[in-house]
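Visitor: Take a look at this one; I'll ask things after.
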């Protein structure tokens, strides 16, 4: 089992020790925190602020599973997007003083970001908060995550950003769909849904 202290060490968005990530109102069920990540076989998730591959099919899947749900991300992930993700409440974590994200909510801590995401999920009537990166945010949220939507890219591209910390023994696979590359896909890939054991 992944221990919080080991996973959070080095993350800029670590939870305060007394915060277990749950809302104080126990009468209502908190939305599930889900990671949405595309990862190559070598653990690569990014290079130069972009994805290290072109997978049009994955971008369509990403939109499908995140639409209508709050999306939580770090500042660099937000800045890598061409625009605010439509039909989703965009919540950006940043410790940069004065950072402004037009069309998005800026939160200075993971606790604040999750509070915004929980409110947005409740208002939208959805049961998931989608965490979309980057690596610091994934590491900080991992102890609270209950689900991972993983696009497993069957390649080992060069990268400068990695997601290797996940111990798959802590997760059970709910589904897996393998896809050969379509006309706008660079590599074969699999869509995998994991839930914490």
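No lab work stands behind these numbers, since they all come straight from the coordinates. Computed from a predicted structure; not experimentally measured. Quick reminder, even Gly has a Cβ in these numbers, built from the backbone with ideal geometry, and neighbours come from all protein chains shown.
Visitor: Show me the ranking of peptides 56-66, 149-159 by mean Cβ neighbours inside 10 Å, starting with the highest.
Guide: Packing order, densest peptide first, comes out as 149-159, 56-66.
Visitor: How much of the DSSP bridge set in the range 52-197 is antiparallel, in percent, rounded to the nearest 5? Each step should come with its number before you reach the end.
Guide: Values: 16 of 26 bridges.
Once the DSSP bridges in the range 52-197 are tallied, antiparallel ones form about 60 percent.
Visitor: Please tell me the relative contact order of the range 99-197 in percent, rounded to the nearest whole number, where contacts are Cα pairs under 8 Å and at least six residues apart.
Guide: Normalised by residue count, the contact order of the range 99-197 is 25 percent.
Visitor: Given the Cα-Cα distance of residue 67 and residue 156 and 0.36 nm per residue of separation, how much length would full extension add, in nm?
Guide: 29.2 nm
Visitor: Report the extension gain between residue 54 and residue 84 in nm, rounded to one decimal, defined as 0.36 nm multiplied by the number of residues separating them, less their alpha carbon distance.
Guide: Residue separation times 0.36 nm, minus the Cα-Cα distance, leaves 8.8 nm.
Visitor: Separate question: Once the mean 1/r over all distinct Cα pairs of the chain is inverted, what Kirkwood radius in angstroms do you read off?
Guide: Its Kirkwood hydrodynamic radius stands at 17.1 Å.
Visitor: What does the helix-only formula give at 222 nm for the chain: each DSSP H stretch with n ≥ 4 adding -39500 (n - 2.57), the total divided by the residues, and the result rounded to the nearest 500 deg cm²/dmol?
Guide: Working: 5 runs with 44 residues, N = 197.
Computed ellipticity for the chain at 222 nm equals -6000 deg cm²/dmol.
Visitor: Given 0.36 nm per residue, what is the gain on full extension from residue 168 to residue 124 after removing their alpha carbon distance, in nm?
Guide: Computed gain between residue 168 and residue 124 is 12.7 nm.
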